[in-house]
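Student: What follows is a structure written as structure tokens; I'll ask about it next.
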Amino acid sequence: MREDDSNTGLDTVVAAVRARLDPSHPARNALQSTAEAIDNAEPELALDDLCHIIRYFGVRITPAEYNTLQAVAQQFSMTDLLEEARLLPFIGV
């Protein structure tokens, strides 16, 4: 996976999560910083930010979205981040 692929994958996850959230949900605004990190070619920062947002706001993600996060984490040697984030309870929409 190239860096551009990881950004596209993260873009897809962020867009899908935002689309599922109610327009007034505070996580929608928080996800803007994740999108900006992706736009600035900072996938590591974006992944970390997204994990924190999922946990803090209790945002649900699909198994496919989690798989994308895993792929990005593996690419950037950040698998510990996903383990520490403990996102498994948030999987399943």
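Student: Placing +1 at every Lys and Arg Cβ and -1 at every Asp and Glu Cβ, with all other atoms neutral, what dipole size does the chain have around its Cα centre, in debye to the nearest 20?
Tutor: Around 520 debye, computed over the chain.
Student: With a 10 Å radius around each residue's Cβ, average the other Cβ atoms per peptide and rank 81-90, 63-72, highest first. Present the calculation step by step, with values, prior to reporting the outcome.
Tutor: On the way: 81-90: 14.4, 63-72: 17.6.
In decreasing order of mean packing, 81-90, 63-72 become 63-72, 81-90.
Student: Shifting gears a bit: In whole percent, what relative contact order does the chain give with Cα contacts below 8 Å and a gap of six or more residues?
Tutor: On the way: 93 pairs, mean separation 29.0, N = 93.
Reported relative contact order: 31 percent.
Student: Report the residue, chosen from R20, R60, R28, that carries the largest GNM mean-square fluctuation when the chain is represented by alpha-carbon nodes joined by springs under 10 Å.
Tutor: For the chain, modelled as a Gaussian network with Cα springs under 10 Å, the answer is R20.
Student: Quick check on the chain: take the gyration tensor over C-alpha atoms, sort the square-rooted eigenvalues as a ≥ b ≥ c, and tell me if it's rounded (a/c under 1.5), prolate or oblate. Can you show the working numbers first?
Tutor: Numbers: a/c = 1.63, a/b = 1.23, b/c = 1.33.
Oblate shape, in that a/c is at least 1.5 and b/c is the bigger or equal ratio.
Student: Starting from the amide H of I91, placed 1.01 Å from N in the peptide plane, find each other amide H under 5 Å away whose residue is 5 or more places distant or on another chain.
Tutor: I61
Student: Another question, if that's okay. Pick from S77, S24, S33 the residue whose mean-square fluctuation is largest in a GNM of the chain, springs joining Cα atoms under 10 Å.
Tutor: In this elastic network of the chain, the residue with the biggest mean-square fluctuation among S77, S24, S33 is S24.
Computed from the coordinates by the stated procedures, all read-outs in this text should not be read as laboratory data. Just so we're clear, the structure is a prediction, and the values are computed from it rather than from any experiment. Positions of Cβ are generated from backbone atoms using ideal geometry, with glycine treated the same way; all protein chains shown enter the neighbour counts.
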